[in-house]
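If you scroll down you'll find the structure; I have some questions about it.
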Amino acid sequence: MMLGSFLLITWAGLRFADAQRLNISSLVFNFQELRGLVWRSKTMAAGHPFGAQAAGLCSKGTFTWLFKFLQTWDQVMTALQVPQSKVDFLIPSMEPDGTFQELEPLNYAETTRIFREMLLTPWKKFQDQHPLAHLQQTYTLHSMKATLLSFGPQLGNLVSDSDRLLQGHHQDPKHSLNLYGRDSVWGSLRYQSTIIMEIHKGWRPKTAQHRGGQFPLTEPMVTLERFQKTAPEYSFQWLPFSKPEDPHEILPDPEVEQLDSDNESSSNSSQGVSSSSEALEPTAHTTPLVPEEGQVDEAVFARHRKVTHAMVATTDDTESRPFNRNHYWRAACGARMLHSETDFLEDLQPPVAFCQHAGWTIQSFAFSALDLEAFDKLWPEFFSEEPTLLQKASLRAAFRMCHDLTQPAPANQTPVGGTATSDASASASTWAESFPPKLDTAVIEQMKAKFLASYPSELLNHDTMPSTRLLSLTHHQLSKKQWSWIPWKYRLTLAKSDEITSQRQAKMPKLEVATLHSLLVDEPPSIDISNAGFGVNAVRNLLAVHDTAVAMCGGAHLANLKAYSAKFLSFLTQRVDPDTMLRCASITEAQAADRQIWASISDLMSERGWDMDNCLHEFTHIRHDLPGLLQLRPRPVKVPSMPSTPSSSSFTKGEARLFLDICSGATRPLSAAILAQQGNVLSFDILLDKRMDLLNDQSYEQLLRICSSRQENLALHTRTAGHPG
């Protein structure tokens, strides 16, 4: 069992996890190759097919290692009397002596241990140490998948890249070619056959050495011992390799017979015409047979765990299968159904959750997308391969039908060709929606639960939870696909919103018509955004609550939103040297920058069809709009305040005298002499104050204003700096 499982994984190019998700009922064996389906894999949620050559390297007849393995597997499972429906794995957990305590899949660690032990099993005698002894610990279960894939580059042009991709079950760049080829196993089988043929011709593959850089070794001499033996007659009991089922008679239902008799009584004339021809038909062909899928006169439905399935009669008399009308039944989609959990339905009462491998209902299918444009983007979710044009058209028609059933047009909808323009213009001139309606508490709780499930480390309480108005506005814009910038004054937490609401005065009814709107319009709470009293910490809180609101409504991932906010704050809080005479952007300037960025994001979402995550990444890491909008600004220069002219009472005989001492020096001796004579002095020198700079245009302009003030007896004294006057 273990050796056969390891060989099957190696030849089929499966991962260990793929082998433990095997669809047993899909296996097909014809003594030349084995085909099957993996119901889920690492790269494909819907699974993928696989195939393996039965001959291998030694056998030339029908008795191969694969036949021996399948025969042993069938005998073990038949002896254990395990239903096939309870086994969806390849390698079971067993004791060293081959007994089973409990039938369950073998875990990864134990499988690795057994695999490494079997690598060193002395199938042949060696004179020296086993050639793989020093490599034992480097082999893992993934080495089985990589073995045949590593042979491909050594064969060069003998194998194609497409066959190598199919052997490894990787994504193929020529996806459409394989899709319309209708078979993804041929390439893998052809790849295996090429390797077998080349080895028979004398070619020997080299051992993979970790991309060629480790463990150089001498390849051992390998001689094939080929044999030819015919497989014995064996009838598989547990594995699904039996002959096709014979036509099976379904006994008519009494209610159906009564319905048929009523139809016969109403169509005697037509039956009389065809009675002679029917009498000539052989009696063997008058027995009702099991109709083929898609060509049935009567459909049988059964509910299994809240999902309704279409049922098909089968001759498999397993006791666990659903039983009704003296027959065993199976689901047409292949789902496993137990009789104890199945209820056969006599009629269908809407709403019905029909089986679509995921429990789709009319309501859920209608709300899978907002419109046909968004629905076209969901093809990878419905199909693992590219759907055909007919499949796309059928699904679009089904989506439109389900959408119309669940969302009927309103009674006042404008008919096609009506006066939609006039109505829109009339409504625009009479009423404008100021704010979207509030979300229900149940919807908000559901959004909160989903947010906490997606981001377990985030904390949502009364102080960090976005306000109801903010959530309503964000949800409204995202659902309508009309995203626009949300003003900072509305970005409030639930605690801040309650605080503002409680501070408002109660609205008193008035009879004046001009103030009647104040009673009808519920103005949302907001805060004033200004440069005074508004710091960086307040901006950080506004950005954080906005990020949480958008993430709760499913607009973008929280990590991308936080990355944008962190980049925004980094430019808003730059450290500036005072000597550079520069400053950071103010609060109002930062708000304008944020508005412009989100306006550009809205254009990309509406015109280019981008999602918000890509837009945020674009403006955070690629474009340079943020550094440009939040760049440093020049700091305004403060003009030094000039001392006021003295009052007239300090002058002698009412004469105003002012001595202006330009370049007075640090000790200003002339000014000191004038002051000693009770005179008025204005000293001007950069040594006294850095703002008194003659080379500064603003300081020089103030000095000119003083000189042109037309004051009488104005005394001026200038000298060269550093020299006495």
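Could you derive backbone 3J(HN,Hα) for region 76-81 from the dihedral phi with the Karplus parameters 6.51, -1.76 and 1.60 (θ = phi - 60°), listing whole Hz in sequence and x where the residue is Gly or Pro?
In residue order, the calculated couplings are 5, 5, 5, 5, 6, 6 Hz.
So how much slack lies between W203 and L149, counting 0.36 nm per residue of separation and subtracting their Cα-Cα distance, in nm?
Details: separation 54, 0.36 × 54 = 19.44 nm, distance 1.60 nm.
Stretched out fully, the W203 to L149 stretch lengthens by 17.8 nm.
Let me know the Rg and Dmax you get for region 35-108 when you use only its Cα atoms, in Å.
In order Rg, Dmax, the Cα atoms of region 35-108 give 14.7, 38 Å.
Report the extension gain between A442 and L675 in nm, rounded to one decimal, defined as 0.36 nm multiplied by the number of residues separating them, less their alpha carbon distance.
75.7 nm
Among K450/K496; K86/K377; K42/K229; K450/K489; K42/K438; K86/K448, which pairs are too far apart, with a Cα-Cα distance over 32 Å?
From K450/K496; K86/K377; K42/K229; K450/K489; K42/K438; K86/K448, over 32 Å: K86/K377; K42/K229; K42/K438; K86/K448.
Now, a different point. Please work out how much accessible surface L569 shows to a 1.4 Å probe, ignoring ligands, DNA and RNA, in Å² rounded to 10.
20
How large, in percent, is the carbon and sulfur part of the accessible surface of region 12-163 at a probe radius of 1.4 Å?
Carbon with sulfur: 54 percent of the solvent-accessible area.
Could you do me a favour and compute the accessible area per residue for region 29-116, 1.4 Å probe, result in Å²?
49
Ignoring ligands, DNA and RNA, how do W610, W598 rank by accessible area with a 1.4 Å probe, largest first?
W610, W598
Per-residue accessible area for F323 at 1.4 Å probe radius, Å² rounded to 10?
Per-residue accessible area (F323): approximately 90 Å².
If you add up the charges near A17, with Lys and Arg at +1 and Asp and Glu at -1, over every other residue whose beta carbon is less than 14 angstrom from its beta carbon, what do you get?
Working: positive: R15, R21, R40, K42, K145; negative: D18, D88.
Within the 14 Å Cβ shell, the charges total +3.
From zero outward in steps of 10 Å, how is the percent of C-alpha pairs of region 1-46 spread across the bins?
25, 59, 15
Give me the distance in nm between label points sitting 7 Å out from Cα along the Cα-to-Cβ direction at A231 and I622, one decimal.
Rounded to a tenth, the inter-label distance reads 5.5 nm.
I've got another one for you. Could you check the spin-label model distance between L694 and I196? Points 7 Å from the Cα along Cα→Cβ, value in nm.
The two pseudo-label positions are separated by 10.3 nm.
In addition: Taking 0.36 nm per residue of separation and subtracting the Cα-Cα distance, what length does fully extending S526 through N23 add?
175.2 nm
R0 = 30 Å: FRET efficiency of A133 with S320, Cβ-based, nearest 0.05?
0.05
The values are calculated or read from the model by the stated rules, or taken from the named source; none is laboratory data. Here the structure is a predicted model, which means the values were calculated and not measured. Virtual Cβ from ideal backbone geometry, glycine too; neighbours counted across all protein chains shown. These accessible areas exclude ligands, DNA and RNA; they are computed on the full protein's heavy atoms, side chains included. Shrake-Rupley method; radii C 1.70, N 1.55, O 1.52, S 1.80 Å.
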